[in-house]
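To start, the structure itself, in structure tokens.
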Amino acid sequence: MTAQKFDMVVLGSGPGGYVAAIRAAQLGYETAVIERAELGGICLNWGCIPTKALLRSAEVFHNMKHAADYGLVAGQLGFDIDKVVSRSRGIAGQLSAGIKHLMKKNKITVIEGNGKLVKPGVLSVEKDGKKTEVHGTDIILATGARAKELPHLKADGERVWTYRHALTPKEVPGKLLVIGSGAIGIEFASFYNELGSDVTVVEMMDRVMPVEDEEISAFSQKSFKSQGINIMTEASVTKLDKKAKTVVCTVESKGGKSQQIEVDNVIIAIGIDGNAENIGLEENKIKVDRGHVVTDEWGHTGVNGVHAIGDLTGPPWLAHKASHEGVVLVEKIAKDKGHKEITDVHPMDKGNIPGCTYCRPQVASVGMTEKAAIAAGHKVKVGRFPFIGNGKAIAMGEAEGMMKTVFDAKTGEMLGAHMVGAEVTEMIQGYTVARTLETTEVELMHTVFPHPTMSEMMHEAVLDAFGKTLHM
């Protein structure tokens, strides 16, 4: 068995792993990345990026259908699903190649194969029956996660899909049932509905996107229904009976009422499980809780020299959370080793991580919901502002949406911000910066927002919380 030695070894090249490796290399550490599939991980190849490419195609198609609303005349409308998928896969491939370039640029060694922790400081990598021993003073586990499946809800890639199958359809389903209304489920429901599928979403909770603020969730649900998406809340799929060309879904609603819905395809979007199996966790007494590695605030597992980041360590399962964790962890390791460049490093505050869902209308949020803030003991001031009150939104033909802010009534601290509407996934970062800087309502009120922009609504939602809104 051949052996290679490095300062840091990262197992997994997703947005957590490859960013951690780049930061380590920037700090002068001899670094290696072990990857069993494509560079960039699930996010870049089978998640965040290719889904956004599909959704962009759906958005353009939606605008084409409404060309007359803008005084435009469009010819025969249609789409080629093979070309839509091909564009999405091409973008994923382009960006994966970009990660390869970044590895080369930063002189990071990429080792292909399945990695497994043998003992602290040592990994075994197997590919094509051959094993390589890789030594690292510090090892970062960043193996990510996969779609959750239940015994009665298993994907076959033909009639029953996970997100991976849904990214590469051979044809658009006439009828589609989506199990789960989190970000993944709702984004696919939005995409396929736009392309003409008769979509039904089944959600166990009492509302769609249950992690979002209740008002935003209710607004979104109303919008989805107006678009023709059938929403079934407080319901669960108890059985999937696969036929030759269809799937008969048994759906049980609150109160025990049961019905059968026959569809062409089913997408299972009930969450994800960490890729914690077969990577040497049990053998090295690394604690795992419900499929996720347990770490401290820095990403340390409690086993000397072994760390973990990203989806492997649990929610929120977000690419940007994983990337930031990777940077924080590497800088903490460097600081502890006396690296002169790192003088100040802080653990990540998960309350300042924005969440985005790229359906139509988009949804974005950061911080506490109104309900959570009240439950935490805060006396709150809440501001709201509708898109219909914004000139730019009306001019764009995007007057459906709202902004919501939640402040501590005593201190003026921004506790949370929630948005639904066009381009809110781009605007949420303004509130995220405000929370990171511990900005109060005073600074936000005194901030000048450019006109005409949709971002002006962010200002108005702050003003409204304190009874000073100007345009409503």
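The values are calculated or read from the model by the stated rules, or taken from the named source; none is laboratory data. All of these numbers come straight from a predicted model, not from anything done at the bench. No Cβ is skipped: glycine too gets one built from the backbone with ideal geometry, and neighbour counts run over all protein chains shown. Accessible surface is based on the protein model in full, side chains and every heavy atom, while ligands, DNA and RNA are left aside. Shrake-Rupley method; radii C 1.70, N 1.55, O 1.52, S 1.80 Å.
Those residues that are closer than 19 Å to Gly389 by Cα and either part of a helix (DSSP H, G or I) or of a type in the set (Lys, Arg) (or both), I need them from segment 445-472; list them, please. Listed by number, the residues that qualify are Met445, Glu456, Met457, Met458, His459, Glu460, Ala461, Val462, Leu463, Asp464, Ala465, Lys468. As a summary of the residue check, Leu150 satisfies the conditions (1) under 27 Å from Gly314 (Cα atoms); (2) at pLDDT 95 or above except for the one numbered (2). Do the conditions hold for Glu215, that is, is it in a helix (DSSP H, G or I) and modelled with pLDDT of 95 or more? Judged against the criteria, Glu215 is a match. Residues being closer than 26 Å to Ala422 by Cα and either in contact with a strand residue (DSSP E or B) (Cβ under 9 Å, 6 or more places away or on another chain) or open to solvent by 60 Å² or more (accessible area, probe 1.4 Å) (or both) are entirely absent from segment 42-51. Residue pairs whose Cβ atoms lie under 8 Å apart, sitting 6 or more positions apart in sequence or on different chains, and linking a residue in segment 44-72 that is of a type in the set (A, V, I, L, M, F, W, C) to a partner that is exposed (fewer than 13 other Cβ atoms within 10 Å of the Cβ) and not in a helix (DSSP H, G or I), are Phe61/Leu77; Met64/Ala74; Met64/Leu77; Ala67/Val73; Ala67/Ala74; Ala68/Ala74. In segment 1-26, the residues that are on the phi > 0 side of the Ramachandran plot reach residues that are of a type in the set (D, E, K, R) and buried (at least 23 other Cβ atoms within 10 Å of the Cβ) with C-beta atoms within less than 9 angstrom, at least six apart or across chains, in these pairs: Gly12/Glu35.
Given the structure, is Thr200 of a type in the set (S, T, N, Q), over 24 Å from Gly255 (Cα atoms) and touching a residue at least 24 places away in the same chain (Cβ under 8 Å)? Judged against the criteria, Thr200 is not a match.
Among the residues of segment 170-202, those that are open to solvent by 10 Å² or more (accessible area, probe 1.4 Å), over 18 Å from Tyr358 (Cβ atoms) and in a loop (DSSP other than H, G, I, E, B) comprise Lys170, Glu171, Val172, Gly174, Gly196.
If you go through segment 68-86 and keep only what is surrounded by fewer than 16 Cβ atoms within 10 Å (Cβ to Cβ) and either part of a helix (DSSP H, G or I) or in contact with a Gly (Cβ under 6 Å, 6 or more places away or on another chain) (or both), you end up with Ala68, Asp69, Tyr70, Ile81, Asp82, Lys83, Ser86.
All of Ile261, Ile279, Ile333, Ile309 fail the test of being β-branched (Val, Ile, Thr) and under 18 Å from the mean Cα position of the chain (by Cα), apart from Ile309. Against the condition over 24 Å from Val211 (Cα atoms), in contact with a Ser or Thr (Cβ under 9 Å, 6 or more places away or on another chain) and not small (Gly, Ala, Ser), how does Leu444 come out, does it pass? Yes, satisfied. For segment 365-373, state whether one or more residues are touching a residue at least 24 places away in the same chain (Cβ under 8 Å), within 26 Å of Leu470 (Cα to Cα) and over 28 Å from the mean Cα position of the chain (by Cα). The answer is no; no qualifying residue exists. Scanning segment 288-323 for residues that are within 15 Å of Thr143 (Cβ to Cβ) and assigned to a strand (DSSP E or B) yields Val288, His292, Val293, Val306, His307, Ala308. In segment 340-351, how many residues are open to solvent by 30 Å² or more (accessible area, probe 1.4 Å) and either modelled with pLDDT of 95 or more or under 15 Å from Thr436 (Cα atoms) (or both)? Of the residues in segment 340-351, 5 are open to solvent by 30 Å² or more (accessible area, probe 1.4 Å) and either modelled with pLDDT of 95 or more or under 15 Å from Thr436 (Cα atoms) (or both). Scanning segment 392-415 for residues that are out of contact with any helix residue (DSSP H, G or I) (no Cβ under 8 Å at 6 or more places or on another chain) and either closer than 23 Å to Thr453 by Cβ or modelled with pLDDT under 95 (or both) gives Ala395, Met396. Scanning segment 309-340 for residues that are over 15 Å from Gly14 (Cα atoms), in contact (Cβ under 8 Å) with a residue 12 or more places away in the chain and out of contact with any strand residue (DSSP E or B) (no Cβ under 8 Å at 6 or more places or on another chain) yields a total of 5. Could you tell me whether any residue of segment 4-19 is open to solvent by 20 Å² or more (accessible area, probe 1.4 Å), outside any helix (DSSP H, G or I) and modelled with pLDDT under 95? Yes; the residues of segment 4-19 include at least one that is open to solvent by 20 Å² or more (accessible area, probe 1.4 Å), outside any helix (DSSP H, G or I) and modelled with pLDDT under 95. The number of residues in segment 68-103 that are basic (Lys, Arg), under 19 Å from Val33 (Cα atoms) and in contact with a helix residue (DSSP H, G or I) (Cβ under 8 Å, 6 or more places away or on another chain) comes to 0. Across segment 20-41, the number of residues qualifying as open to solvent by less than 30 Å² (accessible area, probe 1.4 Å) and either over 14 Å from the mean Cα position of the chain (by Cα) or farther than 20 Å from Gly115 by Cα (or both) comes to 13.
The set of residues in segment 220-275 that are in a strand (DSSP E or B), exposed (fewer than 13 other Cβ atoms within 10 Å of the Cβ) and without any contact (Cβ under 8 Å) to a residue 40 or more places away in the chain comprises Asp241, Ser258, Gln259, Gln260.
Which residue out of Ser124, Ser88, Ser96 is over 29 Å from the mean Cα position of the chain (by Cα), at pLDDT 95 or above and not basic (Lys, Arg)? Let's see the steps before the verdict.
Numbers: Ser88 fails: over 29 Å from the mean Cα position of the chain (by Cα); Ser96 fails: over 29 Å from the mean Cα position of the chain (by Cα).
On inspection, the qualifying residue turns out to be Ser124.
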